[in-house]
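Novice: Submitted below is the structure of interest, expressed as structure tokens.
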Amino acid sequence: MKNRDDLKPATIAAQAAGAIDTASGGVVPPIRLSTTFVRDTSNQPLNPDNVYLRNHNDTARLAENILAKLENAQEALLFPSGMAAVAAVFRSVKTGGSVVVQTGTYWGAIKWIRDFTSRRQIRLFEVDCTDTAALNQACETHSPDLVFIETPSNPLLKIVDIRFAADCAHAAGALLVVDATAATPILSQPLEFGADIVMHSATKAINGHSDVLAGALATANKDHQVWQAITSDRNDAGAVIGPFEAWLLVRGMRTLPLRVERMSQNAQKLADFLLGHEAVEGVLYPGLPSHPGHTLAAQQMTGGFGCLLSVLIKGDAVDALRVTGKLNLFHRATSLGGVESLIEHRHTVEPDTGLPQNLLRISVGIEDVNDLIDDMAQALCR
Ligand code: PLP
């Protein structure tokens, strides 16, 4: 029998890292809903790991254990949303500190980061981190506490060199945090490229069924004081995930490698189709050799380039919206990483961030790709 630590991601995920229901012998680990736990007559907890659910949640620990293994991390922490995980990271920065954040990161994150940093007198430097000289200069000049990047980025699919970013951050005494939501722990493990913390909106592919809101952080060094501070703050301030959501994540992760494989194959085929279409001005997908970050993405991602792509429709917002309006299979809805394909006119959602008005963001699901391509083909016809 192989050591469990040497197992491949597909095996870890399918077998929930070896967890079963030890009480019943069932192959499905249980949901433990109890918020509080009994002490014996000498006042000792019956189970020393469990006192109160905000600090000790068996079901969350199981999901965290699986995620940590998939990320090759020392430890993972779950949060009630991706934004709660982002907030946990930034709350660890001291008042008056400084942070370097990639331009064009997920708009909800940068919106909150701008507000939070201004309230806490933290100096925020927004830098195009695909520009290595600019990133290096920002780290040298501003000596940040934290460098925060997102790769591939949502929705422009920019690719940042994680190792380079880690080297710049570390030379400046900063931690590198990578939002790898679009990459998933299956396609990329940023900790192996030198990142200190990897972050995910687990609402997306990690859960994969558009029915759980969750976030995750994983670290290469669980003894680091910043990680310790994040862990304490999560428990003390109560940013914890409920057992049911954690259990759904365990269930969702069982098929994560399969789903990511199929979504990536479908996305690649859809991107190829769109690239050659006369109604299309451009396609942003790191799996396309024409993408400026393709070579780097191929080094940082293994097994595909993910489910997220954006397409620029020839014309303006009206033309782009005409396409979404004609689609029958793609749901017109926000989010990404679920089994069903979604499409969204991002300018409607974030009108002030400078996104092209003809940009449609697509999250490609696990449907038969020929059905998706047929639907897109009829929608693109004038
Ligand atoms: N990071 C990225 C890249 C996202 O796309 C999102 C949500 O869309 C988030 C973070 C925030 O995650 P959540 O919606 O789970 O709070």
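The values are calculated or read from the model by the stated rules, or taken from the named source; none is laboratory data. This one's a predicted model, so the numbers in the text were calculated from it and none came from an experiment. Cβ sites come from the backbone with ideal geometry, for glycine too, and all protein chains shown count toward neighbours. Please note that ligands, DNA and RNA were not included when accessible areas were found on the heavy atoms of the full protein model with its side chains. Shrake-Rupley method; radii C 1.70, N 1.55, O 1.52, S 1.80 Å.
Novice: With S363, S335, S290, S310 as the choices, which residue is touching a residue at least 40 places away in the same chain (Cβ under 8 Å) and open to solvent by 30 Å² or more (accessible area, probe 1.4 Å)?
Specialist: Exactly one of S363, S335, S290, S310 is touching a residue at least 40 places away in the same chain (Cβ under 8 Å) and open to solvent by 30 Å² or more (accessible area, probe 1.4 Å), namely S335.
Novice: Being touching a strand residue (DSSP E or B) at 6+ places or on another chain (Cβ under 6 Å) and in a helix (DSSP H, G or I) is the filter; apply it to segment 136-154 and report the residue that is farthest from the ligand (Cβ to nearest atom).
Specialist: Only one residue tops the list, namely H142.
Novice: Quick one: how many residues across segment 103-124 are open to solvent by 40 Å² or more (accessible area, probe 1.4 Å), in contact (Cβ under 8 Å) with a residue 60 or more places away in the chain and touching a strand residue (DSSP E or B) at 6+ places or on another chain (Cβ under 7 Å)?
Specialist: Of the residues in that region, 1 qualify.
Novice: Which condition number in (1) farther than 20 Å from S264 by Cα; (2) open to solvent by less than 40 Å² (accessible area, probe 1.4 Å) is the one that D352 fails?
Specialist: Here D352 meets the rest and fails (2).
Novice: Using the structure shown, decide if L157 is among the aliphatic types (A, V, I, L, M), assigned to a loop (DSSP other than H, G, I, E, B) and either surrounded by fewer than 22 Cβ atoms within 10 Å (Cβ to Cβ) or in contact (Cβ under 8 Å) with a residue 60 or more places away in the chain (or both).
Specialist: yes
Novice: Say we look at segment 175-186 and pick out the residues that are more than 11 Å from the ligand (Cβ to nearest atom) and free of Cβ contacts under 8 Å to residues at least 60 places away in the same chain; which of these is surrounded by the most Cβ atoms within 10 Å (Cβ to Cβ)?
Specialist: L176
Novice: Say whether the condition of being under 22 Å from W107 (Cβ atoms) and either within 16 Å of the ligand (Cβ to nearest atom) or not in a loop (DSSP other than H, G, I, E, B) (or both) is met by at least one residue in segment 167-174. Don't jump to the end; show me each part of the working.
Specialist: Applying the first criterion (under 22 Å from W107 (Cβ atoms)) to segment 167-174 yields none.
No: zero hits.
Novice: So L321 fits all but one of (1) under 30 Å from A166 (Cα atoms); (2) over 23 Å from the mean Cα position of the chain (by Cα); what number is the exception?
Specialist: All conditions are met except number (1).
Novice: Is it the case, given these coordinates, that E281 is in contact (Cβ under 8 Å) with a residue 40 or more places away in the chain, open to solvent by 40 Å² or more (accessible area, probe 1.4 Å) and under 18 Å from the mean Cα position of the chain (by Cα)?
Specialist: The answer is no for E281.
Novice: Take segment 44-95 and flag every residue that is in a loop (DSSP other than H, G, I, E, B) and free of Cβ contacts under 8 Å to residues at least 60 places away in the same chain.
Specialist: Step one: list which residues in segment 44-95 are in a loop (DSSP other than H, G, I, E, B), which gives 44, 46-51, 53-57, 72-74, 80-81, 92-95.
Hits for segment 44-95 are Q44, L46, N47, P48, D49, N50, V51, H56, V93, K94, T95.
Novice: Residue by residue through segment 1-34, note down the ones that are part of a loop (DSSP other than H, G, I, E, B) and surrounded by 11 or more Cβ atoms within 10 Å (Cβ to Cβ).
Specialist: If the condition is that a residue be part of a loop (DSSP other than H, G, I, E, B) and surrounded by 11 or more Cβ atoms within 10 Å (Cβ to Cβ), then L7, Q15, A19, I20, D21, V28, P29, P30, I31, R32, L33, S34 are the ones that fit.
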